[in-house]
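Q: Dropping a structure here in structure tokens format, bear with me for questions.
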Amino acid sequence: MDLRCRSDGCFVILVLLMVGLIGRCINGDNDGDAVGALMVKTEQEALYSAIQGFVGNWWNGSDLYPDPCGWTPIQGVSCDVYDGYWYVTDLSIGQIYDNSFPCAQNLELRPQLFQLKHLKSLSFSNCITSPNQATIQTANWDSFSGTLESLEFRANPGLSGPIPTAFGSLKNLLSLVLIDNRLSGDLPVNIGNLTHLKRLVLSGNLFTGKIPESYGYLSELLIMDLSRNSLSGNLPLTFEGLTSVLKIDLSKNQLEGLIPSGISNLKNLTLLDLSNNKICGELNFANQEMSSLEELILSNNPISGDLMSFNWQYVYKLMVLDLSNTGLTGVVPESISSLKNLRFLGLNDNKLSGNLSPKLADLGNLTAFYVHGNNLTGDLKFPQQFYRKMGRRFGAWNNSNLCFRSAKVPANLRPFGVKLCREEQL
């Protein structure tokens, strides 16, 4: 009885193995070049040739990876099944992982790359290092217009020239990331046609000219980062159309003019960073509640004006407020103490005057408070626990008429660079 059961079990296993082999013979490549690989031969050859163009002619994919989507996967290549066959959907080139392929000095964007008809994601990282390497301007990007969802070029110092206008034809694109390259010229207007775009990151390049008004029509955009370029001109009034945006970073450019009041229409905005530009005008853009804003960074701009006219009640969720070196005058309003989530407050290197309200110590989440380099006067009346919590993260030096009373403040907690009040010096 026991032997018969074992024999029956072996028979079942044998049948299953035979069925599996028959399935492979039916669905596999007709010519048997890659046994068991459910991949169209033209797709496989296109993949091999494309990678060889990236890493060099020494690479022989058919020998090293006969089943690139199956039992011999290629690092940086992902696949999916369409109509019963494997197709490449994700291709990541460059030093992304420890075992990633190094890019060749004479890197090529071969035509075969653009024959991968189901490619959804393409990225090059730390790869294009020489200006003599293949440019992206002449490539056949239009062939990806119906499939590509993510395109990234990160940290490629040899990647120069303008952004190809053909990028604007990638109608399914969700993410366009061109960061820390040497791309230059004006930003293409037709990027604004990519209506499904969620992420637009063009930071750390050499772009010049104005931000196209069409970028304000990207109503599904979540992240806009155009920082660390040489962009100029005013912020487009059309930015009020970025109704889904979470983060806008335009720092370290040469942008000028006023902050459009339409910015306050962006109800989902959590970060607005316009630091290190030439933004001017008073702080008057918050004309309605900005209930999601957590970080407002406007440092190093000639904004001027005062803090009294700003509607602090509309930005009550702020965690980071950096208005350092913005030419502000007047007093530090007591109303800032209503920002109960505030963790960082930078008001240093301005022309602020008057006394600091002791109510500012009620900001229970505050861990850094800088008001150094102003014209503040009077004596500091913060409680001892405030100095203990803040330490050197409370910066009040370089205010020649500011002092503090030491009677209740131990020497190790006294604010750095602030003198004793005169009556205590006697």
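Q: Taking 7 Å along the Cα-to-C-beta vector as the label spot, tell me the residue 256-residue 288 distance in nanometres, rounded to one decimal.
A: According to this spin-label approximation, the distance is 3.1 nm.
Q: Modelled label-to-label distance, residue 106 and residue 138, 7 Å Cα→beta-carbon offset: nm?
A: Once both label points are built, they end up 1.5 nm from each other.
Q: In whole percent, what relative contact order does region 199-277 give with Cα contacts below 8 Å and a gap of six or more residues? Walk me through the numbers on the way to the answer.
A: Numbers: 193 pairs, mean separation 23.3, N = 79.
For region 199-277, the relative contact order is 30 percent.
Q: If the chain between residue 381 and residue 367 were fully stretched, how many nm would it gain, using 0.36 nm times the residue separation less the Cα-Cα distance?
A: Once the chain is fully extended between residue 381 and residue 367, it gains 3.3 nm.
Q: Another question, then. When the label point is put 7 Å from the Cα of residue 78 along its Cα-to-beta-carbon vector, which residues of region 150-180 have a backbone N closer than 18 Å?
A: Label zone hits: 150-154, 172-177.
Q: Would you calculate the separation in nanometres between label points at residue 219 and residue 340, each defined as 7 Å from the Cα along the Cα-to-beta-carbon direction?
A: For the pair residue 219/residue 340, the computed spacing is 3.6 nm.
Q: Also: So how tilted is helix 41-55 from the main axis of the chain? Cα-based, degrees 0 to 90, rounded to 10.
A: Once rounded, the angle reads 50 degrees.
Q: Take every DSSP beta bridge with both residues inside region 135-279 and express the antiparallel ones as a percent of the total, to the nearest 5.
A: Bridges in region 135-279 that DSSP calls antiparallel: roughly 0 percent.
Q: Say a paramagnetic label sat at a point 7 Å from the Cα of residue 196, along Cα to Cβ; which residues of region 109-147 have their backbone N under 18 Å from it?
A: Residues passing the 18 Å test: 116-123, 141-147.
Q: Here is a follow-up. In debye, nearest 20: dipole of region 42-106 around its Cα centre with unit charges on the Cβ of K, R (+) and D, E (-)?
A: Roughly 220 debye for region 42-106.
Q: For helix 2-27, report the angle its Cα long axis makes with the longest principal axis of the Cα atoms of the chain; keep it between 0 and 90° and round to the nearest 10°.
A: Value to nearest ten degrees: 80.
Q: Sticking with this structure for a sec: When the dipole is taken about the Cα centre of the chain, and only Lys, Arg (+1) and Asp, Glu (-1) are charged at their Cβ, what size is it in debye, to the nearest 20?
A: About 1920 debye.
Q: Where Lys and Arg each count +1 and Asp and Glu each count -1, what net charge lies around residue 217 among other residues with Cβ under 15 Å from its Cβ?
A: In short, -1.
Q: Given the DSSP H assignment, sum -39500 (n - 2.57) over each helix run of at least 4 residues in the chain and divide by its residue total; what's the result at 222 nm in deg cm²/dmol, nearest 500?
A: Dividing the helical sum by the residues of the chain leaves -4000 deg cm²/dmol.
Q: Enumerate the residues in region 211-225 having an amide nitrogen under 18 Å from the point lying 7 Å beyond the Cα of residue 240 toward its Cβ.
A: 213-220
Q: Another question about this same structure. By the gyration tensor of its Cα atoms, with a ≥ b ≥ c the square roots of the eigenvalues, what is the shape of region 135-279: rounded for a/c under 1.5, prolate for a/b over b/c, or oblate?
A: oblate
Q: Something else: Taking the Cα centre of each part, how many Å lie between region 128-166 and region 104-124?
A: When both Cα centres are located, 10 Å separates them.
Q: Okay, moving on. I need the peptides 279-289, 220-230 ranked by packing, meaning the mean over residues of other C-beta atoms within 10 angstrom, with the highest value on top.
A: Per-residue Cβ counts within 10 Å, averaged per peptide and sorted highest first, yield 220-230, 279-289.
Q: Follow-up question, since we're still on this one. When 110, 392, 414 are ordered from fewest to most other Cβ atoms inside 10 Å of their Cβ, what list results?
A: Exposure proxy ranking, most exposed first: 392, 414, 110.
Q: In a Gaussian network model over the chain where Cα atoms closer than 10 Å are linked, find which of 94, 354, 346 has the largest mean-square fluctuation.
A: 354
Q: Further question: Rounded if a/c is under 1.5, else prolate if a/b beats b/c, else oblate: with a ≥ b ≥ c from the C-alpha gyration tensor eigenvalues square-rooted, which is region 100-193?
A: Values: a/c = 1.69, a/b = 1.22, b/c = 1.38.
Oblate shape, in that a/c is at least 1.5 and b/c is the bigger or equal ratio.
Q: Moving on. Report the dimensions of the chain along its three principal axes from the alpha-carbon atoms, largest first, rounded to Å.
A: 103, 66, 40
Q: Pull up the DSSP beta bridges for the chain and report the antiparallel fraction as a percent, rounded to 5.
A: Numbers: 6 of 70 bridges.
That works out to approximately 10 percent antiparallel.
Q: Turning to a different aspect of this structure: Just want the ordering: 43, 256, from fewest to most Cβ atoms lying within 10 Å of their own Cβ.
A: Numbers: 43 22, 256 16.
Lowest count first: 256, 43.
Read the figures in this text as sums done on the coordinates, not as results from a lab. What you are looking at is a predicted structure, and each value in this text was computed from that prediction instead of being measured. Please note: Cβ atoms are built from the backbone with ideal geometry, for glycine as well, and neighbour counts cover all protein chains shown.
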